[in-house]
Structure formats: C-alpha cells, structure tokens
Amino acid sequence: MFDDVDFGDASDYTDLDAGVYSLDVKDQDGRVLLNAPDVAVEAGYAYDIVALGLLEDRSLALLTLTTRVTAPCGEVLGLHATEKDACL
C-alpha cells in the first residue's frame, strides 16, 4: 500500500474497501521485518497503523489506532471522493 516510508515518517491516507488484509513491514531491501495477517478494516473508520519496537529484541509490533467517522472518511480526510468506505 505504501512505499518509501522511512523511520519517523508518515504516509498519506489512502481509501480502500472494508475487508481483511495482510500487512508486511519491509526494510529498504524488501526483507519482511514484520507480518500482520488478518488485519480487519471496517467501514466508517479511519485507521492509523504505527510500527513500534526493535528488531534486535524482537519487540517490533503494529499498533492500530481507529477513529470513527460519520461521513465517508475520504471526505473527512480531504481525499478525492470515492466509493471506498475505509481509510488507512
């Protein structure tokens, strides 16, 4: 979904369909550092996902923050109007 997001950076939001996704956090060489299978994305929410921890002690994990939105999240976040119903 997102490329070239370095340590300390954030990506822009993107619209996507509600559903279940598998997310990989990769290093600049494409090596998978963390896999998060079965991430559920529900309609009516905006999601912020943050990678926290260290590789050295195997504490790297994803923290998911959700915000309920009453209007389509693409509209709330100022994205182009689409038929998608969740934002990540």
| Does L79 satisfy being in a loop (DSSP other than H, G, I, E, B), surrounded by 15 or more Cβ atoms within 10 Å (Cβ to Cβ), modelled with pLDDT under 90 and out of contact with any helix residue (DSSP H, G or I) (no Cβ under 6 Å at 6 or more places or on another chain)? | yes
| remark: Going through segment 60-70 in order, the residues found to be more than 16 Å from F7 (Cα to Cα) and in a loop (DSSP other than H, G, I, E, B) are V69, T70
| For segment 43-56, does any single residue satisfy the condition of being of a type in the set (S, T, Y) and part of a loop (DSSP other than H, G, I, E, B)? | no
| request: State which residue is farthest from G78 (Cα to Cα) when the search covers only segment 15-35 and only residues that are of a type in the set (D, E) and surrounded by 10 or more Cβ atoms within 10 Å (Cβ to Cβ). | output: D24
| query | Can you tell me which residues in segment 24-73 are among the small types (G, A, S) and either more than 17 Å from S11 (Cα to Cα) or free of Cβ contacts under 8 Å to residues at least 12 places away in the same chain (or both)? | reply | G30, A36, A40, A43, G44, G53, S59, A61, A71
| field | Candidates D38, D12, D4, filtered to the one that is open to solvent by 50 Å² or more (accessible area, probe 1.4 Å) and part of a strand (DSSP E or B) | value | D38
| request: Answer with yes or no whether D48 is at pLDDT 90 or above, loosely packed, with under 15 Cβ neighbours inside 10 Å and within 11 Å of the chain's Cα centre (by Cα). | output: yes
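The values are calculated or read from the model by the stated rules, or taken from the named source; none is laboratory data. Computed from a predicted structure; not experimentally measured. With ideal geometry, Cβ positions are generated from the backbone for all residues, glycine too; neighbour counts draw on all protein chains shown. All accessible areas refer to the heavy atoms of the entire protein, side chains included, with ligands and DNA or RNA removed. Shrake-Rupley method; radii C 1.70, N 1.55, O 1.52, S 1.80 Å.
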